[in-house]
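The values are calculated or read from the model by the stated rules, or taken from the named source; none is laboratory data. It should be emphasised that the depicted structure is a prediction, and the values quoted were computed from it without experimental measurement. Cβ placement follows ideal geometry from the backbone for every residue including glycine, while neighbour counts extend to all protein chains displayed. Calculation scope for accessible area: heavy atoms of the full protein, side chains included, ligands and nucleic acids excluded. Shrake-Rupley method; radii C 1.70, N 1.55, O 1.52, S 1.80 Å.
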Amino acid sequence: MLTNVSHTVTTWLPQVLKKRMRPLPEWPPIALSAPQEAVQIRLSTVRGDFDVTRAAVVAALRPLTLGVGLDAQLIHALEDSSQPQLHFVDLESRLTVGTLQLQHIRNWSTAGTAIGLFEVQRGTHRCVAWPYRPWNRWLQNRRLLRRKHDPSNFFMPPEAVQQQMIFYICPRPVVLVSVDDGSHSNLFPMDLVGPVSPDHFTLALRSTSPSIPTMKSARRVALADVPARDYATAYKLGIHHKNVKVDWDRLPFEIHRSPEFSLPYPSIALRVREMQILDFETIGSHTFFVTRKISEHSAGDAAQFFHTSGIYQHFRSCNGRPFPPAS
């Protein structure tokens, strides 16, 4: 009996230690139906809390800047709240699992909507229990710092990445973006996208992207929702962020044309939305586009490719309800 127990311990212990020596992934790919219904985002001000789940987006990564769609009530509330907070609520447990402290920079009124811009000051979360929480943060930060001198990597300070992971507690969809101005065309994945109102949708793209001039001149894009089963294909298309033009005949799927703008999009898309670009502004490291939907076509109801944060997936796994992995 003692021999069996000893064998079990000697087999199990190295596996546990090995697991604890690896940091949690930053952005695990998961499979969800859109829109996500797992997390609520609440903006807390001195005048009350507001549900901004369908109105909070990333506007820039460096410095980490968030955009929140504002109605008249929120604009009034922010007049007395220069440092509001974002709370991320796990809807099944009703626990606040993450918080971001914000600095209200300004409001941007454009194209019939108002967007509050906030720089993230600090963040906390309850997704990983102590003492694993500081240990995992240290492991993640060490991994991030090792990428600092990689010329192909967009470097963010580790603390900002930790804050972005808190924002990604609320799962973010991944789309394939098609751009074409007649001379230059491209197709690339993005997850810095999302609505700020029922009629306005935003995209934040690094300002060094060769596709920025194309988007500014054409003033139109097509967004294709990616099936979770095709997440690896979307990752491979990430190389296109460096391209001015893509060879459409060499892509691993058929290409269709959108009905209004005749933009190319992949045949694997679950849904395609044609978006008119209404305005754009450079915010930090990114160009922030505000768009409105011109057309929408659904072609399937399979699970969609989303990103969440590894810390929140860990929380859900510890509670017996992890998100299904994209596959």
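Whole-Hz Karplus values for the stretch 238-251 come out as x, 4, 5, 4, 8, 9, 8, 9, 10, 8, 5, 6, 9, 6 Hz, taken residue by residue from phi with 6.51 cos²θ - 1.76 cosθ + 1.60 and θ = phi - 60°; glycine and proline positions read x.
Summary of packing: across the peptides 120-128, 218-226, 241-249, the per-residue average of other C-beta atoms within 10 Å ranks them, highest first, as 218-226, 120-128, 241-249. So what's the net charge close to Gln73: Lys and Arg +1, Asp and Glu -1, counting the other residues with Cβ under 13 Å from its Cβ? Summing Lys and Arg as +1 and Asp and Glu as -1 gives -4. Between Leu91 and Arg206, residue separation times 0.36 nm minus the direct Cα-Cα distance comes to 38.2 nm. Cα centroids of the stretch 222-250 and the stretch 48-117: 30 Å apart.
For the stretch 163-208, the Kirkwood hydrodynamic radius comes to 12.5 Å, computed from all pairs of different C-alpha atoms.
Pro210 sits among other residues whose Cβ lies under 9 Å from its own Cβ, and their net charge, with Lys and Arg +1 and Asp and Glu -1, is +2. Loop-located GluC sites (Glu not before Pro) across the stretch 37-119 with a Cβ neighbour count of 14 or fewer within 10 Å are Glu37, Glu79, Glu92, with loop assigned by DSSP. Quick note on the stretch 80-132: its Rg to Rh ratio, both from C-alpha atoms and Rh being the Kirkwood radius, is 1.12.
Run the helix sum for the chain: -39,500 (n - 2.57) per DSSP H stretch of 4+ residues, divided by residue count, reported at 222 nm to the nearest 500 deg cm²/dmol. Could the numbers behind the result be given before it?
Working: 7 runs with 73 residues, N = 327.
Per the formula, -6500 deg cm²/dmol.
Scaled against the 2.2 N^0.38 Å expected of a compact globular protein of N residues, the Cα radius of gyration of the stretch 244-327 reads 1.48. Fully extending the segment from Asp49 to Asp301, taken as 0.36 nm per residue of separation minus the present Cα-Cα distance, adds 87.3 nm. Given the alternatives (i) 20.9, 75; (ii) 20.4, 66; (iii) 22.2, 90, Rg and Dmax of the Cα atoms in Å as computed for this entry is given by (i). Pick from Asn136, Asn153, Asn186: which is most flexible by mean-square fluctuation in a GNM of the chain where alpha carbon atoms under 10 Å apart are linked? Result: Asn153 has the largest fluctuation of those listed. Per residue, the accessible area of the stretch 138-219 comes to 39 Å² when a 1.4 Å probe rolls over the protein heavy atoms. Tell me whether the stretch 161-296 comes out rounded, prolate or oblate; compute the Cα gyration tensor, take square roots of the eigenvalues as a ≥ b ≥ c, and use a/c under 1.5 as the rounded threshold. Rounded is the answer for the stretch 161-296, as its axis ratio a/c remains below 1.5. Computed over protein heavy atoms with a 1.4 Å probe, the carbon and sulfur contribution to the accessible area of the chain reaches 52%. Near Ile115, once Lys and Arg are set to +1 and Asp and Glu to -1 for all other residues with Cβ below 12 Å from its Cβ, the sum equals -2. Looking at the stretch 127-182, the trypsin sites (Lys or Arg not before Pro) that sit in a DSSP loop and have at most 11 other Cβ atoms within 10 Å of their own Cβ are Lys148.
Extension gain for Phe154-Ile105 works out to 15.3 nm (0.36 nm per residue, less the C-alpha to C-alpha distance).
For the stretch 286-327, just say rounded, prolate or oblate: build the C-alpha gyration tensor, square-root its eigenvalues into a ≥ b ≥ c, call rounded for a/c under 1.5, and beyond that prolate if a/b exceeds b/c, oblate if not.
Details: a/c = 3.89, a/b = 1.65, b/c = 2.35.
Cα axes put the stretch 286-327 in the oblate bin.
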